[in-house]
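S.K.: This is the structure I want to talk about, given as structure tokens.
The values are calculated or read from the model by the stated rules, or taken from the named source; none is laboratory data. Quantities reported herein were computed from a predicted structural model and do not represent experimental measurements. Note that we place each Cβ from the backbone using ideal geometry, even for glycine, and neighbour counts take in every protein chain shown. Remember, those area values only see protein heavy atoms, side chains included, never the ligands or the DNA or RNA. Shrake-Rupley method; radii C 1.70, N 1.55, O 1.52, S 1.80 Å.
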Amino acid sequence: GLEQASTLRLESPFDFKRQAVFYVPEGLPAPSSPQYTTALTECMIPVIRAAGGRTFFLFTSHRALREAATLLRAAALEFPLLVQGESGRRELLDEFRRLGNAVLLGTSSFWEGIDVRGEALSCVIIDKLPFASPGDPVAAARIEHINRSGGNAFRDYQLPQAVLALRQGAGRLIRDPSDTGLLVVGDPRLVSKGYGRLFLDSLPSMTRTRKADVVQRFFNYLRQEV
């Protein structure tokens, strides 16, 4: 309601097209499939190796996090594995920064308010689009209220909230004008569902790919730059 206000718009100091690549893998099953977390984790092992560790692997559920942790340990990754629930958040972050090549598995509390700058974090993997669980009592009450009032809870509440949460998770990657890295969103609904465009349009204008070899070339290029 302010009129004749002086305004100032500041553009981002980040050059996302140069600093980051956004990767949506091909060939993954639907997120509702019992095999989804296994397929995604196996697909991400070469990505993590290409990144030299230095990865946040973010999940929308503790069940998926535990399943992925078991799979990554069985794969005998050559990088330290830090898992939410096995230490406190601050301890995990301090250890992640100190090690410099770790893989940290986290859920909701690691999607926002985390600032890791520099080479220690060069890859952020997000397992699924972060729609709120319908079992959450607050979300369920809001959904019921919107639908009962004649609205569309998915369009008016669930989708905007998920878009915001994805932006927050993706925002963990580039924290400084000198940062570089890879953002991965495994969820195939990004490209198979009409609403996927809302998520894609909400993200910074990174270089986008669906090809694993482009990811490998990107990290090879970064190593040459160093």
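S.K.: Accessible area per residue, 1.4 Å probe, Å², for the chain: what's the number?
M.R.: That works out to 53 Å² per residue.
S.K.: Running Debye on the chain with equal point scatterers at the Cα sites and no solvent, what base-10 log of I(q)/I(0) appears at q = 0.08, 0.10 Å⁻¹?
M.R.: Each listed q maps to, in turn, -0.31, -0.48.
S.K.: Using alpha carbons only, how many angstrom separate the centre of segment 65-82 from the centre of segment 138-194?
M.R.: 27 Å
S.K.: Can I ask one more? Summing +1 for each Lys or Arg and -1 for each Asp or Glu, what net charge is found among the other residues whose Cβ lies under 13 Å from the Cβ of Arg73?
M.R.: -2
S.K.: Now, a different point. Report the label-to-label distance for Glu86 and Ala212 in nanometres (one decimal), using points 7 Å from each Cα along the Cα→Cβ vector.
M.R.: 2.5 nm
S.K.: Å³ per residue of the Cα convex hull, for segment 118-226?
M.R.: It comes to 118 Å³ per residue, whole-number rounded.
S.K.: List the longest stretch of the chain that has no exposed loop site; here a site is one of the trypsin sites (Lys or Arg not before Pro) assigned by DSSP to anything other than H, G, I, E or B, with at most 15 other Cβ within 10 Å.
M.R.: Here the longest segment lacking exposed loop sites spans 10-116.
S.K.: Under a plain spin-label model, where a point goes 7 Å from the Cα along Cα-to-Cβ, how far apart in nm are Arg63 and Val191?
M.R.: A separation of 2.7 nm, rounded to one decimal place.
S.K.: Taking the simple approach of a point 7 Å from Cα along Cα-to-Cβ for both Ser32 and Arg73, what is their distance in nm?
M.R.: Simple spin-label model gives 3.2 nm for this pair.
S.K.: Something else: For Glu119 and Gln168, compute 0.36 nm times the residue count separating them, minus their Cα-Cα distance, and round to one decimal in nm.
M.R.: 15.7 nm
S.K.: Cross-link candidates for Lys193: which lysines have Cα within less than 16 Å, leaving aside residues fewer than 8 places away along the same chain?
M.R.: Cross-link targets: Lys128.
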